[in-house]
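Below: the structure, in structure tokens.
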Amino acid sequence: MTTDEAIAQTMQQLGHDAVAAQRALSVSSGEQRNQALHAIAASLRRHRAAILAANELDINAASGAGLGRAALDRLQLDAARVEAMARGVEDIAALPDPIGTVLAEWTRPNALRFQRVRVPLGVIGIIYESRPNVTCDAGALCLKSGNAAILRGGSESHRSSTAIHA
């Protein structure tokens, strides 16, 4: 199997898994999604040491590769930034449930009633630079809105993003 074929197969599986996850999310309640978000925040706090250790490996590799100071700062995590990520997830959980909100409603002269209702989009793909906190923020926002997410962060933050995801 060539590298291109392996990548294509991996992407196909990733998409298939994301669709399956979205189907499960589509029948979840707002309370279930909020419980999951609170569990994510607790997990970030509980696994802070592992996240910071992975981030240190990313920082060392990026520094050795000549990444600029501003980019290293965006990549850098510390205990305060991990706590800010956890609080951000809790803030997202505290937002009103967007699913099912009636955005507009009207009735036609023949008594046919219409409603525009907010629903999940499905699977959202997000590509972002080496900011490991985006892994957390984007995933939490997608979860709150009932969407599955395929996240692709910068290669410099791979270890950090993997630790956050775990």
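The values are calculated or read from the model by the stated rules, or taken from the named source; none is laboratory data. Remember, predicted model here, so these are calculated numbers, not experimental data. Here Cβ is always computed from backbone atoms with ideal geometry, including for glycine, and neighbour counts include all displayed protein chains. Ligands, DNA and RNA are stripped out before the accessible areas are found, and what is left, the full protein with its side chains, is counted by its heavy atoms. Shrake-Rupley method; radii C 1.70, N 1.55, O 1.52, S 1.80 Å.
Working from the Cα coordinates of the stretch 39-129, the gyration tensor eigenvalues give, after taking √(5λ), semi-axes of 44, 17, 10 Å in decreasing order. Cα-based values for the stretch 8-166, radius of gyration first and Dmax second, are 18.8, 70 Å. Rounded to whole numbers, the Karplus 3J(HN,Hα) couplings from phi for the stretch 113-128 are 9, 10, 9, 9, 10, 6, 10, x, 6, x, 10, 10, x, 10, 10, 9 Hz, using 6.51 cos²θ - 1.76 cosθ + 1.60 with θ = phi - 60°, and x at Gly and Pro. Just the protein heavy atoms count here, and of the accessible area of the chain at 1.4 Å, carbon and sulfur take up 56 percent.
Counted residue by residue at 0.36 nm each, then reduced by the alpha carbon distance between them, the extension gain from A39 to L72 reaches 9.0 nm.
Accessible surface area normalised per residue over the stretch 110-151 is 55 Å², counting heavy atoms of protein chains with a 1.4 Å rolling probe.
Translational diffusion of the stretch 127-166, estimated by Stokes-Einstein from the Kirkwood radius over alpha carbon pairs at 4 °C in a medium of 1.567 mPa s, is 129 µm² per second. For R108 and R81, the difference between the fully extended length at 0.36 nm per residue and the C-alpha to C-alpha distance is 4.5 nm.
Each Lys or Arg adds one and each Asp or Glu subtracts one; over the other residues with Cβ under 14 Å from the Cβ of G30, this totals +1. Once all protein chains are placed together, T3 keeps about 100 Å² accessible to a 1.4 angstrom probe.
Against the empirical 2.2 N^0.38 Å (N residues), the stretch 48-95 has a Cα radius of gyration ratio of 1.35. Working from Cα pairs under 8 Å separated by at least six residues, relative contact order for the chain is 30 percent.
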